[in-house]
1. With just the Cα atoms defining each centre, how far is region B:92-133 from region A:256-335? Give it in Å.
2. Which percentage, to the nearest 5, of the DSSP beta bridges contained in chain B is antiparallel?
3. Please give the length that would be gained between residue B:68 and residue B:118 if that part of the chain were fully extended, namely 0.36 nm times their separation in residues minus their C-alpha to C-alpha distance (nm, one decimal).
4. Among B:199, B:233, B:224, determine the one that fluctuates most according to a GNM of chain B built with springs between C-alpha atoms less than 10 Å apart.
5. For region B:30-85 and region A:163-213, compute the distance between their C-alpha centroids and round to whole Å.
6. Short version: what are the Cα gyration tensor semi-axes of region A:129-198, square root of 5 times each eigenvalue, largest first, in whole Å?
7. How far apart, in nm, are the 7 Å Cα→Cβ label points at residue B:318 and residue A:217?
8. Rounded to the nearest 5, what % of DSSP beta bridges with both residues in region B:84-235 are antiparallel?
């Protein structure tokens, strides 16, 4: 790799079901000269998130779909290497939609921000706790869930990046927290390391029955990261005035057919429940509220997280499906290039 | 019928699907002497409501199921004919769960209230606008829907007792109102008499496509009286920050199998929608707020309603299914006995 070559993963075809490596194509392009106002960012860390899968479909969601033949969209952290923009001088560390590529040329428009200087926070954390993941967990739980001490909080995909933070914030707020995950190893991480009150292995246990046993008075707050049967089991176990935060429906992102909705939907009426969807981008302007709490909790050891960092941009497509087969352990990140020694 | 005989419709068996007359049995019992604190109410009007169907199932909903062999539960308006209770003297007009029978003996416990004296309000209106129906429409729309002038409100079962009031209150609040009903006659009643902006006949039109045409910017408020495909079409046509009031799911009340939930459920996330279930009994303590507005609007002719009054307690079971086959026009009421000339 010479400095004026940029490796880029283009979206070659719309995936059907799980993505295949052949849905993407790597090309090498020559990095053009910068125009006035532009700056060149070297990608250091690239975030892989379930929501990326939705961006590959030919429908507008909360963002337009990625065009066929375009660089696949992705959030990254990088360093400015050349700059014709005084707001983003050389050596600035920035975050934004850098894409699945080695380099990104920005003119500062769209989502592009300098990373705040937080002492003792490692760079990948800005794709995790101090990024979209943390904001999603924080505002979903706090703003919609409104956790009260003594309430029962249930989280699906609880060992995932968002879910594990939701549960820990719930514990900080005094909730009884039950997590749902797909391996015994993840379940014991939740109960032993993160101090969840209980965990359900949805692959070996009946989620509905276990929820009923573990939540005899019903679920007060349900944080839905996945749809399908697990969501349905939760809707069937709600307490009066329950809040259901619909953050994501991971289990449905790769669906090729229409997915039936939850058959326990009528329980929303009986339990006077509130089901609320949200997208984290709506909360960007309130970012500092969350980060202030996170710094306190992180420094005092109250918030833990795991990350799985895979080296090499070339491994991006084949790594992506780990988000959906349950094999990733913690926040999935591609290390595209070395961190600067600043 | 002599005065000391009480005809009672007992629930004989749990209906499967639509109720059959043979699910009920009429018995004649002798009215016992009153004990201290009791009073005898002659039933005048008996309300038939979709929610009654749920009470016949063997599952606790927001009230316990009606026991096999018990008098079928129902809301009525009646007059006190004998009294050993100073709070409810003879000739009081009362409302409460009088049941499917000629007479009810109450000790004043449970839901039993004297009807407020509202000039020019006919008695059946206390089972309609000035009863559960009106309160359901009012608090569902106002408290959960929070209608703003210029917003688009869509109502299902719009020619029904609740739906027709919801639409009219929406118009009063400045909304564009679209109703969904099952006959052309009902649709023209909505647009011509009630001044809805448009109506969709779900039996002859594609609800999803028509909603898309009529709500190019999406639905801001959806008042769900029915589930199934119509709810799904609405969830597929939401505007950003939509509110979905789940009042009832009439189309599912007779279901014998598990009913799949709405497949457009993921749209709740994309549209940051709020889906909220509610039960009108939670709002009883705020009744007077609604009745104050209703009196103003009713007297000034801004609220119209239709009622279909069927004579004779003996006709109750056979009349009940009109709520589900779409053949009733307006609030369905059984006239059990004559109104007093006071």
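Every read-out reported here was derived from the displayed coordinates using simple, explicitly stated rules and does not represent laboratory data. Because the structure is a prediction, the values reported are computed rather than measured. Heads up, the Cβs are rebuilt from the backbone with ideal geometry, glycines too, and the neighbour counts pull from every protein chain shown.
1. Between the Cα centre of region B:92-133 and that of region A:256-335, the gap is 51 Å.
2. Working: 31 of 56 bridges.
Around 55 percent of the beta bridges assigned by DSSP in chain B are antiparallel ones.
3. 14.2 nm
4. Ranking B:199, B:233, B:224 by mean-square fluctuation puts B:233 first.
5. 45
6. Details: eigenvalues 63, 43, 16 Å².
Computed over region A:129-198, the values are 18, 15, 9 Å.
7. Each label point is offset 7 Å from its Cα along the Cβ direction, giving 5.1 nm.
8. Values: 3 of 14 bridges.
Beta bridges within region B:84-235, antiparallel portion: roughly 20 percent.
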